[in-house]
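See below for the structure under consideration.
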Amino acid sequence: MARLFAKLGYNLAICARRGERLEQLKVDLLQSYPNIRVEYKILDVSDYESIFKVFDEFAADFGHLDRIVVNAGVGDSRRIGKGRFKINRRTAEINFISALAQCEAAMKIFREQNAGHLVVISSMSAMRGLPGHMTTYGAAKAGIAHLAEGIRADMLLTKLPIKVTTIYPGYIRTEINKDAKPLPFEVDADTGTKAIVAAIESGAEEACVPSLPWSIVGQAMKHLPLQIVSK
Ligand SMILES: NC(=O)c1ccc[n+]([C@@H]2O[C@H](COP(=O)([O-])OP(=O)(O)OC[C@H]3O[C@@H](n4cnc5c(N)ncnc54)[C@H](OP(=O)(O)O)[C@@H]3O)[C@@H](O)[C@H]2O)c1
């Protein structure tokens with residue numbers, strides 16, 4: 001996403017835990033796009049207080065943040081009732097509570113600016129309750145999709161000019177699923193990221209990506225009997 005947004009001419013404020021990869025990304029981006037500004041900060045989103053600090057520092061440094069993408073996520077979840085609460089709790093915390101903290105920090109900045117675009121990366125797994133290793137992951141992703149919709153409703157009610165986009169990606173081959181067997185309708189990272197960035201740029205409220213087949217699969221998931229969806 002950073003590479004595609006850089007290509008579109010955006011200045012970028014990026015955060016994650018692995019500093020050496022952020023530094024390499026910054027070097028690569030500035031080599032290809034010397035006219036943009038790229039800054040990074042090391043941030044572990046499980047450290048909630050740091051989220052507010054880092055976002056506020058970026059806002060002060062750049063003077064204005066047009067858009068914040070709540071993207072950090074982990075894919076580790078386990079069948080419920082099998083003694084793996086620790087793993088499921090961590091997934092719920094990173095994918096929901098940390099995302100909530102990022103939405104809080106982002107919306108505080110956007111309210112002060114009276115402008116902004118909040119983007120939340122949910123998942124197709126949010127469409128229905130899913131079995132096995134997808135249960136906690138999907139529930140957390142459904143949680144942030146509802147959170148984003150609630151914030152969007154709040155913006156409608158209060159007439160604030162802040163956009164909220166929820167992205168529901170299908171299977172995209174990245175580090176999160178690098179050891180998985182071939183996944184249904186999977187696309188490579190380039191294809192998936194292009195679809196995500198196009199959906200974000202369109203300003204859509206919600207988008208399943210890539211739109212084909214996932215917008216159709218999404219409708220099917222919502223309406224088919226659970227026994228079929230669970231397969
Ligand atoms: N790939 C898919 O098929 C798919 C489908 C639906 C939704 N998604 C969602 O898309 C988002 C991006 O995933 P991806 O596929 O790009 O996986 P990824 O390659 O594993 O990327 C995850 C990103 O999150 C960051 N991150 C993870 N834990 C973090 C933490 N505690 N603090 C700060 N940053 C953290 C990672 O950077 P560091 O490790 O350096 O911190 C990395 O940049 C996730 O929310 C995922 O759930 C992915």
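Cβ-to-Cβ counts within 10 Å put LEU224, LEU12 in ascending order as LEU224, LEU12, the fewest first. Evaluated at q = 0.15 Å⁻¹, a Debye calculation over the C-alpha positions of the chain (equal weights, vacuum) places log10 I(q)/I(0) at -1.10. Working note: Cα gyration tensor of the stretch 120-167, eigenvalues times five, square-rooted, sorted largest first, giving semi-axes of 26, 8, 6 Å. Under a 5 Å amide H cut-off, with hydrogens placed 1.01 Å from N, LEU12 pairs with ARG37, VAL38, GLU39 among residues at least 5 apart or on other chains. Gain on full extension, evaluated as 0.36 nm per residue between GLU49 and ALA16 minus their Cα-Cα distance, stands at 10.4 nm. Between THR158, THR136, THR193, the Gaussian network model of the chain with springs among Cα atoms under 10 angstrom shows the greatest mean-square fluctuation at THR158. How far, in degrees from 0 to 90, does helix 189-202 lean away from the longest principal axis of the Cα atoms of the chain, to the nearest 10? Roughly 70 degrees between the two axes. For the chain, the longest principal axis of the alpha carbon atoms and the long axis of helix 211-223 meet at an angle near 50°. The modelled label-to-label distance between ALA220 and LYS159, using points 7 Å beyond Cα along the C-beta direction, is 4.4 nm. Rounded to the nearest Hz, the phi-derived 3J(HN,Hα) couplings of the stretch 13-23 under the Karplus curve 6.51 cos²θ - 1.76 cosθ + 1.60 (θ = phi - 60°) are 10, 10, 9, 5, 8, 8, x, 5, 6, 5, 4, where x marks glycine and proline.
Note on the chain: with a GNM built from Cα contacts shorter than 10 Å, the maximum mean-square fluctuation among MET107, MET134, MET155 falls on MET155.
In terms of surrounding Cβ atoms within a 10 Å radius of their Cβ, SER215, SER122 rank from fewest to most as SER215, SER122.
We did not get these values from a lab; they are worked out from the coordinates using the rules stated. All of these numbers come straight from a predicted model, not from anything done at the bench. Cβ sites come from the backbone with ideal geometry, for glycine too, and all protein chains shown count toward neighbours.
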